[in-house]
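Engineer: Take a look at this one; I'll ask things after.
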Amino acid sequence: MHIIDIITKKRDGYELSKEEIEYLIQSYTKGNIPDYQISAFLMATYFNQMTEQEATHLALAMRDSGDSIDLSAIKGIKVDKHSTGGVGDKVTLVLGPLLAALGAKVAKMSGRGLGHTGGTIDKLESIPGYQVELSVQDFIKQVQDIGIAVVGQSGDVAPADKKFYALRDVTATVDCIPLIASSIMSKKLASGADAICLDVKVGHGAFMKTEEEAVQLAELMVSIGQLAGKKVTAILTGMDEPLGHKIGNALEVYEAIETLQGQGPDDLVEVTLAIGSQLLMDANLAKSDKEAREMMNKALNDGSAYDKFIELVAAQGGDIEVIKHKEKLLSDNKVEVLSQEEGYITEMNALDIGKAAMRLGAGRETKEDKILLDVGIDLHKKIGDFVKKGDVLATFYVQDKGIEEAKTLLLDAITIGNQKKSITLIKRKIS
Ligand code: URA
């Protein structure tokens with residue numbers, strides 16, 4: 001087999017075989033194909049796309065380029081979720097302990113954030129002492145003992161995707177549905193769960209800007225997962241405004257704690273319950289959506305979900321006093337941002353609000369950047385709220401970085417009009 005024939009075939013719009021895709025991935029992972037040829041392949045794929053079969057072969061070849069985690073020693077159905085990335089998305093921090101409190105087995109490997117969307121692992125690192133790295137043995141044992149572990153991705157999961165993604169990032173080929181779907185699914189399939197629910201975000205704060213694109217991505221990921229023998233569903237959720245009120249690592253942990261104590265914002269609770277309901281049914285722990293929601297509402301209100309979070313943090317070495325006194329998580333320096341107009345909030349550009357949080361230091365522009373864990377934005381108003389001139393739109397938690405730039409970004413991101421507007425959060429389910 002020759003790489004140049006594979007590139008030519010893709011360039012001319014033909015479907016690649018399983019063997020060709022496996023050859024390409026295996027040879028590239030071993031360093032036997034140079035980046036410039038894979039760049040040409042990626043660009044050909046960008047323009048000609050891939051069939052469902054090709055994307056599945058690609059996902060499986062990338063999964064098999066490294067270790068797959070064997071979770072069979074954990075009894076019961078192992079559940080997992082994945083979000084395609086949004087601003088203020090702290091669903092994993094709430095949903096993981098919530099499901100574990102209800103008897104589900106949550107063996108979760110999460111990522112770090114890059115750009116305007118934060119990663120669960122960065123958020124958890126804002127809890128002093130929390131260890132994001134566990135050996136596979138300890139990871140499995142913790143799930144056996146307390147029903148949940150949340151760790152960073154091990155270095156050996158889907159190394160081919162790591163190389164591919166780095167190259168896509170610098171060749172303008174990230175934004176390609178079959179490449180995104182196979183990248184996400186290669187890692188999800190290697191992580192070993194039996195049932196996976198994908199939260200596909202749609203809106204200007206998300207990878208997928210339109211519902212049509214989001215449906216395509218969701219359908220392809222569900223199909224790859226099912227062809228690989230897993231129970232996979234997707235829920236399309238809106239990213240027309242940030243999720244919840246708080247954006248930034250420690251701020252998101254703070255809001256997750258509030259939610260686990262039964263005092264979460266409606267939108268965050270709604271997305272959490274939608275995904276949770278699917279996974280409780282997949283794990284045979286609830287018979288219907290109604291039953292699942294009743295179970296989850298009870299666990300959020302009776303302290304059991306919060307207690308499970310404390311158990312998780314303690315098991316991974318985190319300081320639970322900080323969880324019990326959550327204000328300790330945040331920077332003491334605050335700046336208020338006031339509305340300069342009167343009216344209803346009709347739009348909140350989540351992408352730009354995410355960028356504002358990044359300017360304050362909450363996110364990374366490059367992989368090497370160090371993030372400031374205690375800074376970010378607390379939004380006091382959301383779409384549909386009425387504001388008067390001089391009302392506080394948001395509180396910034398700051399150190400000494402990017403305050404004026406972030407203020408401008410935030411004010412420009414918010415549109416104020418004279419008609420009250422509402423948005424739909426849960427758009428569609430795909431199974
Ligand atoms: N997230 C991934 O893991 N891969 C992509 O290609 C895009 C988002």
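Engineer: Tell me which lysines have Cα within less than 19 Å of Lys290's Cα, excluding those fewer than 8 residues away on the same chain?
Structural biologist: Answer for Lys290, where 19 Å is the Cα cut-off: Lys298, Lys427, Lys429, listed by chain and number.
Engineer: Moving on. Give a quick list of trypsin sites (Lys or Arg not before Pro) in the stretch 69-138 that DSSP marks as loop, anything other than H, G, I, E or B, with at most 16 other Cβ atoms within 10 Å.
Structural biologist: Here the sparse-neighbourhood loop sites are Lys75.
Engineer: Still on this structure: Let me check I've understood the local charge: for Lys389, count other residues with C-beta under 12 angstrom from its C-beta, Lys and Arg +1, Asp and Glu -1. What total comes out?
Structural biologist: That works out to -2.
Engineer: Please report the spacing between the Cα centers of the stretch 61-124 and the stretch 140-190 in Å, no decimals.
Structural biologist: 10
Engineer: Give the relative contact order (percent, whole number) for the stretch 3-48; include only Cα pairs under 8 Å separated by 6+ residues.
Structural biologist: 54
Engineer: Quick check: at a probe of 1.4 Å, how many percent of the accessible area of the chain sits on carbon and sulfur atoms?
Structural biologist: 47
Engineer: For the full complex of protein chains and a 1.4 angstrom probe, list Ile77, Ile371 by accessible area with the highest value first.
Structural biologist: In descending accessible area the options line up as Ile77, Ile371.
Engineer: Moving on to the next point. Give the lysines whose C-alpha is closer than 27 Å to that of Lys30, dropping any in the same chain fewer than 8 places away, or say none.
Structural biologist: Counting by Cα, and skipping residues close in sequence, Lys30 has these lysines nearby: Lys9, Lys10, Lys18, Lys162, Lys163, Lys187, Lys188, Lys367.
Engineer: Summing +1 for each Lys or Arg and -1 for each Asp or Glu, what net charge is found among the other residues whose Cβ lies under 9 Å from the Cβ of Glu241?
Structural biologist: -2
Engineer: How much net charge surrounds Gly129 when only the other residues with a Cβ under 12 Å from the Cβ of Gly129 are counted, with Lys and Arg +1 and Asp and Glu -1?
Structural biologist: Taking every other residue near Gly129 into account, the sum is -3.
Engineer: Relative to the longest principal axis of the chain, what angle (0 to 90°, nearest 10) does the C-alpha long axis of helix 211-227 take?
Structural biologist: 50
Engineer: Solvent-accessible area per residue for the chain at a 1.4 Å probe radius, Å²?
Structural biologist: 41
Engineer: Still on this structure, please answer the following. For Val392 and Gln261 in the same chain, what is the full-extension length gain: residue separation times 0.36 nm, less their Cα-Cα distance, in nm?
Structural biologist: The Val392-Gln261 span can extend by a further 44.6 nm.
Engineer: I'd like to compare 202-214, 8-20: which one has the highest average count of other Cβ atoms within 10 Å, and what's the full order after that?
Structural biologist: Sorting 202-214, 8-20 by mean packing, highest first, produces 202-214, 8-20.
Engineer: Pop the C-beta distance of Asn48 and Asp289 into the FRET formula with R0 = 45 Å and round what comes out to the nearest 0.05.
Structural biologist: According to the calculation, E is roughly 0.65.
Engineer: According to a simple spin-label model (label point 7 Å from Cα along Cα-to-Cβ), what is the distance in nm between Lys421 and Glu405?
Structural biologist: 2.7
The values are calculated or read from the model by the stated rules, or taken from the named source; none is laboratory data. From a predicted model like this one, the values you see are computed outputs, not experimental measurements. So basically every Cβ, Gly included, is an ideal-geometry build from the backbone, and we count neighbours across all protein chains shown. Only protein heavy atoms, including side chains, enter the accessible area calculation; ligands, DNA and RNA are left aside. Shrake-Rupley method; radii C 1.70, N 1.55, O 1.52, S 1.80 Å.
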